[in-house]
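> Before anything else, here's the structure in question.
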């Protein structure tokens with residue numbers, strides 16, 4: 001298990017958006033994520049709904065591939081960083097809204113892709129013991145926004161500091177099983193390692209999000225490349 005459960009991520013998202021952006025900007029150093037998304041949907045010209053855009057790490061990949069993104073994000077600080085990051089795409093045409101998934105009503109029902117990256121897994125803790133109801137409602141809203149044949153896609157961690165898929169907590173393992181067993185989603189696992197300039201940068205950057213125990217592990221293992229496994233769950237409308 002990693003130490004993600006020891007950090008209140010709601011505070012990170014609310015108050016430390018720039019620190020979070022430094023972390024996620026170092027992830028997927030080998031560029032595996034975009035080809036994995038593109039294997040399920042043709043992104044050029046596609047209309048995409050993104051739930052929880054964060055600081056825009058997925059948004060940027062989608063825009064660079066020619067997608068037109070409508071997204072929501074409940075943290076003003078995170079949304080501000082996302083908009084700043086998108087300035088390198090002057091004609092991006094994104095519609096980014098300050099709203100949670102519970103409060104956001106997607107315009108239209110013709111999206112080719114509805115995607116939530118590293119978002120709904122937090123609900124297992126934040127909405128316990130009713131997380132199935134909360135996540136289920138979010139998935140239903142995303143499915144309802146899809147055009148026929150559109151793709152629902154959920155991306156979650158499968159273990160920071162692990163070279164093989166390893167759910168970080170028993171609760172997340174249950175959530176992953178529920179996505180497959182009860183919601184009919186199919187899982188693919190991929191590596192999205194973090195790469196930092198040096199071990200100390202890796203430790204300090206990771207420690208802010210994953211906890212100081214994990215930072216100590218990074219130093220002990222002398223990791224400038226921090227292993228990360230990621231899961232992608234997919235279902236067609």
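> Could you say which residue among 158, 152, 143 is under 30 Å from residue 107 (Cα atoms), in contact with a helix residue (DSSP H, G or I) (Cβ under 9 Å, 6 or more places away or on another chain) and either modelled with pLDDT of 95 or more or not in a helix (DSSP H, G or I) (or both)? Reasoning before the result, please.
Values: 158 fails: under 30 Å from residue 107 (Cα atoms); 143 fails: in contact with a helix residue (DSSP H, G or I) (Cβ under 9 Å, 6 or more places away or on another chain).
Just one listed residue meets the conditions, 152.
> Same structure again: Looking only at residues in the range 114-140 that are out of contact with any helix residue (DSSP H, G or I) (no Cβ under 8 Å at 6 or more places or on another chain) and in contact (Cβ under 8 Å) with a residue 60 or more places away in the chain, which one is surrounded by the most Cβ atoms within 10 Å (Cβ to Cβ)?
Out of the qualifying residues, it is 119.
> Okay, moving on. Check 50, 60 and return the single one that is part of a helix (DSSP H, G or I) and crowded, with 19+ Cβ neighbours inside 10 Å. Write out each step before concluding.
Numbers: 50 fails: part of a helix (DSSP H, G or I).
Just a single option satisfies the conditions, and that option is 60.
> Related question: Quick one: would you say residue 101 is in a strand (DSSP E or B) and touching a helix residue (DSSP H, G or I) at 6+ places or on another chain (Cβ under 6 Å)? So that I can check it myself, show each step before the final result.
Numbers: in a strand (DSSP E or B): no; touching a helix residue (DSSP H, G or I) at 6+ places or on another chain (Cβ under 6 Å): yes.
Criteria not met by residue 101.
The values are calculated or read from the model by the stated rules, or taken from the named source; none is laboratory data. Please read these numbers as outputs of a predicted model, since none were measured by experiment. Note that we place each Cβ from the backbone using ideal geometry, even for glycine, and neighbour counts take in every protein chain shown.
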